[in-house]
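So the structure is just underneath, and the comments pick up after that.
The values are calculated or read from the model by the stated rules, or taken from the named source; none is laboratory data. What you see is a predicted model, and the numbers here were worked out from it, not measured in a lab. Every residue, glycine as well, gets a Cβ built from its backbone with ideal geometry; the counts of neighbours run over all protein chains shown. Areas reflect the complete protein model, heavy atoms only, side chains present, ligands, DNA and RNA absent. Shrake-Rupley method; radii C 1.70, N 1.55, O 1.52, S 1.80 Å.
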Amino acid sequence: MDLKVRMKDLAGSRVALAVAAVVLTASAWGVATLTDSDSAPQQNVAQEQGGSSDGSGGDGSKGGDGSNGGDGGTQQPGGIPDGIAHASESGGNAVNITIDDGPDPTWTPKVLDVLKRHGVTATFCMIGPQAKAHPDLVKQVVAAGHRLCDHTVHHDTTMDKKPVAYQEKEILDAKKMIEDAAGGAKVLYYRAPGGSFTPDSRRIAAANGMRPLGWNDDSKDFNKPGTAAIVDTVKKEIHNGPTILFHDGGGDRQQTVEALDQVLTWLKSQGRPTGFPVQTTP
Ligand SMILES: [Zn+2]
């Protein structure tokens, strides 16, 4: 359909406004889908941790968990703190492998294969409708011993600018979709798309049994820079902290599959075990 003509025909009417709104929404979603990378998010995470909106509180994500003090927060009813978690339950020098934006029928099985080959468990941050569409994959993830994380319904990286009711619906609807698909397993974490956490979304997640989950080491795999570049980035950024970000959705993830394999081999050579992010305060 020729949108411009149609918009012109409808100009001045309420229908035109409604159409325009739909078009805007569609474009925003398109952009979010194409460029999402959770890539700029370290900054957002840092802002949340520092409690400042201008980021001047320093890049908390670079300090890792011990030094940024961002892992606490207020404990919500049910015992889950609303502070953004990065530390590993395993303590020591353990790292957390986190995999976002799936499940995906092509790439999630390949990622699961790599993890299985290395005997590694990871945390999968799933998008609600994709979990609903692929309950078999969600069950495979759970059966292999991995943990589930809520990555909202629409992956709206600007949800931190939207009303609290919208954020709540994005979070709780996705939680239900993922848990229904999982057939019993609970979603233990919440990761805001692109790191767009707010105090409200952290509180809502924690009050519903999900620990807000950040990351320290963005592999930047989403942008497909090449397998070697992804591996190099992980190695270079690992000093930021123990939680590493990969993606099993949002496009061709062949480079991610290859890079993850190499990263897991490297971590082992470094004597670094893998674990799960902390859910409660140690
Ligand atoms: Zn994401």
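Here the range 171-254 has 51 percent of its accessible surface on carbon and sulfur atoms, given a 1.4 Å probe and all protein chains in place. Residues whose amide H lies under 5 Å from that of Phe246, counting only those 5 or more places away or on a different chain, are Thr98, Ile99, Asp100; hydrogens are built 1.01 Å from N in the peptide plane. When the residues Thr198, Thr158 are ordered by accessible surface, computed with a 1.4 Å probe over the protein chains alone, the sequence from largest down reads Thr158, Thr198. Neighbours of Thr108, meaning other residues whose beta-carbon lies under 13 angstrom from its beta-carbon, give a summed charge of -2 when Lys and Arg score +1 and Asp and Glu score -1.
What separates the Cα centres of the range 182-253 and the range 259-274 is a distance of 18 Å. Length, then width, then depth: along the principal axes, the Cα atoms of the range 148-282 run 44, 33, 30 Å. Summed over the residues of the range 95-275 and divided among them, the accessible surface reaches 36 Å² per residue at a probe radius of 1.4 Å.
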